[in-house]
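Okay, structure first, notes after.
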Amino acid sequence: MGHHTRRHIHQCAIFGLLISPCVVAAPSVSAAAEDAGSANLTMQGCRPVSDDKSSRYIFVDYVIMQTTCTAQIDAIVDTSDKVCSPDKSTHMQAQQVVTSYIDQRPARLHERFTKLALEALVAAWPCSR
């Protein structure tokens with residue numbers, strides 16, 4: 001991946017971190033009542049969309065949540081000095097690391113997604129010092 005492309009992804013990731021939690025909480029009453037930064041809410045965007053696309057608004061909500069998941073994981077991978085992803089690793093691999101880690105800890109879904117995602121990525125791809 002070229003430097004320009006990686007920089008663009010990083011900028012998008014930072015942008016997503018700044019606005020997405022507010023946007024994700026807006027679409028529905030149940031989402032607004034839940035902490036927009038929780039793993040429980042953010043993980044909805046880390047999973048494939050269901051086949052029921054009966055409402056355009058449900059699909060739009062999913063796209064917003066998917067962008068939030070992607071942006072937060074990319075921001076951690078690109079900016080954390082504790083995470084050293086393997087050469088040629090993909091976003092999908094990072095997302096699989098994070099979703100697997102969080103799925104194994106359902107009692108922690110109320111915690112911040114970014115905290116758990118960082119834990120997952122550090123456990124999988126630590127930087128040797």
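Throughout, read-outs are computed from the coordinates displayed, never taken from laboratory work. Worth saying up front: this structure is predicted, and the values here are computed from it rather than measured. We place every Cβ from the backbone using ideal geometry, glycine too, and count neighbours over all the protein chains shown.
Per-structure values
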read-out: Long-range amide H partners of Ser38 with built H, under 5 Å; value: Phe113
read-out: Calculated from backbone phi, Karplus (6.51, -1.76, 1.60) coupling profile of segment 88-104 in Hz, x at Gly/Pro; value: 6, 6, 10, 4, 4, 5, 4, 5, 5, 4, 5, 5, 5, 4, 5, 4, 7
read-out: Efficiency of FRET from Cβ geometry, Gln66 and Lys88, R₀ 30 Å, rounded to 0.05; value: 0.80
